Number of protein chains: 2
Amino acid sequence: MAYRPTETTRRNAELKRAGFLRAARSLVAERGFGAATVAAIAAECAASVGSVYSYFDGREDLLAEVFRSAASHELDAVRTAVAEAGSDPRERLDTVITTFAGRALRGRRMAWALLFEPVTPAVEAERLVYRRSYTELLAAILRDGVADGVFAPQDPSLAASAVMGAISEALIGGLRPADGDEPAPSPEDKAIVEGIRLFCFRALGTEETL
Amino acid sequence: MAYRPTETTRRNAELKRAGFLRAARSLVAERGFGAATVAAIAAECAASVGSVYSYFDGREDLLAEVFRSAASHELDAVRTAVAEAGSDPRERLDTVITTFAGRALRGRRMAWALLFEPVTPAVEAERLVYRRSYTELLAAILRDGVADGVFAPQDPSLAASAVMGAISEALIGGLRPADGDEPAPSPEDKAIVEGIRLFCFRALGTEETL
DNA sequence: GAGAGCTTTGAATTGGGGTTCACTTCTTCG
DNA sequence: CGAAGAAGTGAACCCCAATTCAAAGCTCTC
């Protein structure tokens, strides 16, 4: 037994692993999952292709982890915002919409990657989880709102899906800026978010948008 | 000049071309675009892989054509139904929703392929065209409705996207029956369509759902 | 039925990543 | 320092479906 990794060594390994994840995440944010090839990720870290496989079972595994972390980061942002919002379901819904849409418009390419980019099954599975979390978050708000009579009587789960769809689809045009630089947020974006808000509020059966 | 294709020969060529398209379409309807490999398409027609290339520039080309034809078939069905509906925007909207959703639920795998399946860029381009047609159809209805005061004042294009998204997303759960046989239409489907209708009508600002 | 010109065939080629693994380079410890 | 084992390297390999293409088969005219 002539070798036993020291504490520092172990920490370095963790850092390296994290470095691969960070590199992959940055590639995804810039050009989507498709651009996050193993070679590109390794190059970004000035490491060899092979070393990636010492830290991950394979590309799918690595990308699924990237997805999970990026998506949960987004979800956390929305959850936190909701937690800070009041208890009125309308206010909470408003927070979900504006936070979600605002963040998506600010990081369009990442939003596109998380929401729409064609991905391999393992990553798609993560996407399903992530979408479900959003719809559940929404469904909970809607359930409360329906119970309070703030929203019209309706199936909260179905409505939550529909709201998610409405938001995503309304954003999609702007979320797909082919290649090139991330476009600066335009004032038009504000109108889009506002339109989405109004649409969703009406859909749920509230006249006052808050 | 010892050869000049006869009329019959030419017709046969057209039939063969159509046969490839039909085979591809049936594969897509059963298992999505991913399953429509050149080899599978050729096999379905008892032809060789190479012959496919005498009729199409390549797989992308062939699949784009399949997409176009399947999508326009769907679109036509909706357009026809709308044309037969009255002139009341609410009735027209209702027709779009029920026709679209009903057909999607009846041919889930095809609907999934047309709406959501990850596809190559050439096919994706067709999808964009197709989605745009739907949103334009909807936008026209909404524009009339807003003008008539039947719907609340709003940006018809944005609302049309949102409606499309709401319908698609609300359907998506049911549209993704992994593998296996096409599930029989369940009575639950009816409830889904009804829920979508109500959601959309409220979203547009009409109390009476017609 | 000869032969010019389409069409068909399917094995071989291509292409582009992911993955492997024999080898080299570190680290640690006696 | 030197042995033992961990970590890193990257060219070779694999996978898989699209695509090619030279040879074989057909159709049609004379």
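We did not get these values from a lab; they are worked out from the coordinates using the rules stated. Just so it is clear, the model here is predicted, and its values are computed rather than measured. For neighbour counting, all protein chains shown are included, and Cβ atoms are generated from backbone atoms with ideal geometry for every residue, glycine included.
Could you tell me how far the Cα centroid of the range B:1-26 sits from the Cα centroid of the range A:1-74, in Å?
Between the Cα centres of the range A:1-74 and the range B:1-26 lies a distance of 52 Å.
Work out the charge dipole of chain A with +1 on the Cβ of Lys and Arg and -1 on the Cβ of Asp and Glu about the Cα centre, then indicate which of A:H73, A:S51, A:L114 is farthest towards its positive end.
Working it through, the farthest residue towards the positive pole turns out to be A:S51.
Along the range B:60-77, what does the Karplus equation 6.51 cos²θ - 1.76 cosθ + 1.60 (θ = phi - 60°) give for ³J(HN,Hα), rounded to whole Hz, x for Gly and Pro?
My calculation for the range B:60-77 gives 3, 4, 4, 5, 4, 5, 4, 4, 4, 6, 5, 5, 6, 4, 4, 4, 4, 4 Hz in order.
Please give every one of the aspartates and glutamates within straight-line cross-link reach of B:K190, meaning a C-alpha to C-alpha distance under 13 Å, and leave out same-chain neighbours fewer than 8 residues apart.
none
Given H placed on each backbone N at 1.01 Å, which residues far from B:F151 in sequence or on other chains put an amide H within less than 5 Å of it?
Under 5 Å from the amide H of B:F151: B:V146.
Could you state the angle between the C-alpha long axis of helix B:121-148 and the longest principal axis of the C-alpha atoms of chain B, as a value from 0 to 90 degrees rounded to the nearest 10?
30
Rg and Dmax of the range A:113-163, using alpha carbons, in Å: what are they?
Expressed in Å, the Cα Rg and Dmax of the range A:113-163 come to 13.7, 42.
Ranked by Cβ crowding within 10 angstrom, fewest neighbours first, how are A:S69, A:S54 ordered?
A:S54, A:S69
How many nanometers, to one decimal and shortest first, lie between the label point of B:S72 and those of its other copies, if labels sit 7 Å from Cα toward Cβ?
4.8
In nm, give the distance between the simple-model label positions of A:A40 and B:E182, each being 7 Å from the Cα along the Cα-to-Cβ direction.
3.8
Using only the Cα atoms of the range A:90-130, build the gyration tensor, take square roots of its eigenvalues as a ≥ b ≥ c, and label the shape rounded, prolate or oblate: rounded if a/c is under 1.5, else prolate if a/b is larger than b/c, else oblate.
It comes out oblate by the Cα gyration axes.
Using the alpha carbons of the protein assembly as shown, what is the convex hull volume per residue in cubic angstrom, as a whole number?
Working: hull volume 96.3 nm³, N = 420.
Cα convex hull per residue, to the nearest whole number: 229 Å³.
For the range B:60-203, restrict the atom set to alpha-carbon positions and state the Rg and Dmax in Å.
Both quantities, over Cα of the range B:60-203: 15.3, 47 Å.
Which chymotrypsin sites (Phe, Trp or Tyr not before Pro) in the range A:1-54 sit in a loop by DSSP (not H, G, I, E or B) and have at most 15 other Cβ atoms within 10 Å of their own Cβ?
Working: sites: A:Y3, A:F20, A:F33, A:Y53; in loops: A:Y3.
Filter output for the range A:1-54: A:Y3.
Give the relative contact order (percent, whole number) for chain A; include only Cα pairs under 8 Å separated by 6+ residues. Don't skip to the end; give the middle numbers.
Values: 192 pairs, mean separation 43.9, N = 210.
Computed value for chain A: 21 percent relative contact order.
Determine ³J(HN,Hα), in whole Hz, for all residues of the range A:8-15 in sequence, where each value follows from phi through the Karplus function 6.51 cos²θ - 1.76 cosθ + 1.60 and θ = phi - 60°; x replaces Gly and Pro.
Here the 3J(HN,Hα) series is 4, 4, 4, 4, 4, 4, 4, 4 Hz.
Report, for A:S133, each distance to the same residue's label point in the other copies, shortest first and in nm; define the point 7 Å along Cα→Cβ.
3.8
Can you work out the FRET efficiency for the pair B:E91 and A:E84, with r the C-beta to C-beta distance and R0 = 60 Å, to the nearest 0.05? Don't skip to the end; give the middle numbers.
Numbers: r = 44 Å, r/R0 = 0.73.
Between B:E91 and A:E84 the formula returns 0.85.
Using a label point 7 angstrom from Cα along Cα-to-C-beta, what distances in nm, from shortest up, separate B:P5 from the other copies?
For B:P5, the inter-copy label distances come out at 6.5 nm.
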